[in-house]
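Visitor: Sharing a structure with you now.
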Amino acid sequence: MRVLGLETSCDETAAAIVDGERRILVDLVLSQLAEHRPYGGVVPEIAARSHLDHLDRLVAAALDEAKLALSDMDAIAATAGPGLIGGLLVGVTMGKAMALGCGKPFLAINHLEGHALSPRLSDGVEFPYLLLLVSGGHCQTLLVEGVGRYRRLGTTVDDAAGEAFDKGAKLLGLGYPGGPAVEAAAARAKAAGADGERFALPRPMLGRPGCDFSFSGLKTALRERVLEAGGADALDPATRDALALALQEAIAAALADRTGRAVERIAAERAKVSTLVVAGGVAANARVREALAALARRKGLALVAPPARLCTDNAAMIAWAGIERLKAGATDELGLAARPRWPLDPDAPKALGAGVKA
Ligand code: KG4
Ligand code: ZN
């Protein structure tokens, strides 16, 4: 069984082919980073235009590299949401057209389901498992019970963890995207012997009941520290790096604390979960992984973190979600529309908070 997957929900144009034996036959990702960098964030119109410019050639290159034809595919899978609608339309329309053209089924994939099932592609993790999904757009814990069976335990009430890194980096004048820049600055601070507690920032929601996340207060506290130090332009490099270290420490501690609450909640329900999975772009952060590894050890869980390439946006996870859904007998109608919002757990109560996305 082989599926061609397309990913166009944000600022990566990606095409990949994956087979039913968990082999990634080809995995191409074209980042639009350089196109968005001058604006300090993703510009939806530029993203949509760029997907349109590149997707057809990327698919041709993927088929070429795998030495396969469209007729060798068992289905075409495309991310249909959640995400930026212009980009989603490009991928979904192309996916449908190819499916129609080669007479194969079309699969509309939830981008979050792609992330959620990625540890089964990389590590063959068995259901059920607890997933911490931490990316630029999402921050949630989910109990993954099977294909299409996701129960949300906690979600952010304002910013996602990746947004906290990105906005924090902006406040520190560290550039875009923020996560890798903050991690590099924090490493410099550590190498220089900086004390992570020198600029101690609040650990949002620490110890509070429930499993939800919040990061906007952290951003405000960081802004105050930057102003106290004379503003971003006046920061000397050592102070800037020390603030980046403090930011990273606070985010890692908050993620571990809130995920710990989710572990306690499923333990109280006697769900038989033995694995904690962390996925999404923020999972690339070594300090975040370390904090989660310590949590997993304390709770007697195995920690699985798919390789960084599978954690950040890619089409291999979309093709794999297609394989899983195809194996489960699911396909989609060509009339299906792209969806900018598409929660994985439709029954989850809407989180209270200003910037809630899912
Ligand atoms: O999963 P992803 O590639 O795209 C979304 O679906 O959002 O995640 C991107 C996010 C960005 O916010 C980026 O700053 C963050 O992941 N990120 C990191 C690191 N690498 C990427 N955050 C912290 N440390 C990193 N090394
Ligand atoms: Zn993503």
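Values in this text are rule-based calculations from the coordinates and carry no lab data. Here the structure is a predicted model, which means the values were calculated and not measured. Reconstructed Cβ throughout: ideal geometry from the backbone, glycine too, with neighbour counts over all protein chains shown.
Visitor: Please work out the Cα center distance from region 30-91 to region 117-153, rounded to the nearest Å.
Guide: If we compute the Cα centre of each part, the gap is 24 Å.
Visitor: Applying 1/(1 + (r/R0)^6) with R0 = 45 Å to the Cβ-Cβ distance of Leu206 and Ala34, what FRET efficiency is obtained, to the nearest 0.05?
Guide: My answer for the efficiency is 0.75.
Visitor: If R₀ is 51 angstrom, what is the calculated FRET efficiency for the pair Glu269 and Arg198, using the beta carbon separation as r and rounding to 0.05?
Guide: 0.80
Visitor: Could you tell me the calculated FRET efficiency between Ala330 and Leu68, based on Cβ-Cβ distance and R0 = 25 angstrom, to the nearest 0.05?
Guide: Calculated value: 0.60.
Visitor: In region 238-288, what GluC sites (Glu not before Pro) fall in a loop by DSSP, with at most 16 other Cβ atoms inside 10 Å?
Guide: Sparse-neighbourhood loop GluC sites (Glu not before Pro): Glu269.
Visitor: Using a 10 Å cut-off around each Cβ, can you sort Leu100, Leu30, Leu117 from fewest to most neighbouring Cβ atoms?
Guide: Neighbour counts put them in this order, fewest first: Leu100, Leu30, Leu117.
Visitor: I've got another one for you. Could you work out Rg/(2.2 N^0.38 Å) for region 127-305, with Rg from alpha carbons only?
Guide: Working it through for region 127-305, the quotient is 1.04.
Visitor: Further, regarding this structure: Which value results for Rg/Rh of region 197-279 when Rg is the Cα radius of gyration and Rh the Kirkwood radius based on the inverse mean 1/r?
Guide: 1.13
Visitor: Let me ask another. Within 10 Å, Cβ to Cβ, of Gly196, how many net charges do the neighbouring residues add up to if Lys/Arg are +1 and Asp/Glu are -1?
Guide: Combined, the nearby Lys, Arg, Asp and Glu give 0.
Visitor: Net charge near Thr13, counting Lys/Arg +1 and Asp/Glu -1 over other residues with Cβ under 9 Å of its Cβ?
Guide: Value of the local net charge: -4.
Visitor: Compute the Cα gyration tensor for region 49-156, then decide on rounded, prolate or oblate, letting a ≥ b ≥ c be the square roots of its eigenvalues: rounded whenever a/c is under 1.5, prolate when a/b is larger than b/c in the other cases, and oblate in all that remain.
Guide: Because a/c hits 1.5 or more and a/b exceeds b/c, region 49-156 counts as prolate.
Visitor: If the cut-off is a Cα-Cα distance under 23 Å, which lysines reach Lys327, setting aside same-chain residues fewer than 8 apart in sequence?
Guide: Output for Lys327: Lys96, Lys104.
Visitor: Can you list the residues of region 48-80 with backbone N under 11 Å from a point 7 Å past the Cα of Met1, pointing along Cα to Cβ?
Guide: Output list for this probe position: 74-75.
Visitor: Next up: How large is the convex hull of the C-alpha atoms of region 257-309 per residue, in Å³?
Guide: Here the figure is 75 Å³ per residue.
Visitor: For the chain, what is the calculated [θ] at 222 nm in deg cm²/dmol (nearest 500), taking -39500 (n - 2.57) for each run of four or more DSSP H residues and dividing by its residue count?
Guide: Calculated at 222 nm, the ellipticity per residue is -14500 deg cm²/dmol.
Visitor: If you don't mind, there's one more thing I want to ask. So which GluC sites (Glu not before Pro) in region 196-248 are both in a DSSP loop and have at most 14 other Cβ atoms within 10 Å of their Cβ?
Guide: Here the GluC sites (Glu not before Pro) that fit, given the DSSP loop and packing criteria, are Glu197.
Visitor: So how long is each side of region 241-348 along the principal axes, counting just the alpha-carbon atoms, biggest first, in Å?
Guide: For region 241-348, the Cα extents along the three principal axes come out at 51, 39, 25 Å.
Visitor: Order these peptides, 327-334, 19-26, 310-317, 208-215, by their mean beta-carbon neighbour count within 10 angstrom, highest first.
Guide: Order by mean packing, descending: 310-317, 208-215, 19-26, 327-334.
Visitor: Under a Cβ-only charge scheme (Lys and Arg +1, Asp and Glu -1), can you give me the dipole magnitude of region 127-305 about the Cα centre, in debye to the nearest 20?
Guide: 700 debye
Visitor: As a test of the definition: which semi-axes, in Å, follow for the chain when you take the square root of five times each eigenvalue of its alpha carbon gyration tensor? Largest first, please.
Guide: 35, 24, 17
Visitor: What is the distance in Å between the Cα centroid of region 155-234 and that of region 243-273?
Guide: A separation of 17 Å, based on Cα centres.
Visitor: Something else now. Report relative contact order for the chain in percent, whole number only (criteria: Cα-Cα under 8 Å, sequence separation at least 6).
Guide: The value is 25 percent.
Visitor: In region 127-305, how many lysine pairs have Cα atoms under 21 Å apart, counting only pairs 8 or more places apart or on different chains?
Guide: Close lysine pairs found across region 127-305: 4.
Visitor: What fraction, in whole percent, of alpha-carbon pairs in region 101-192 exceed 15 Å separation?
Guide: Roughly 69 percent, rounded to a whole number.
Visitor: Report relative contact order for region 127-305 in percent, whole number only (criteria: Cα-Cα under 8 Å, sequence separation at least 6).
Guide: 27 percent
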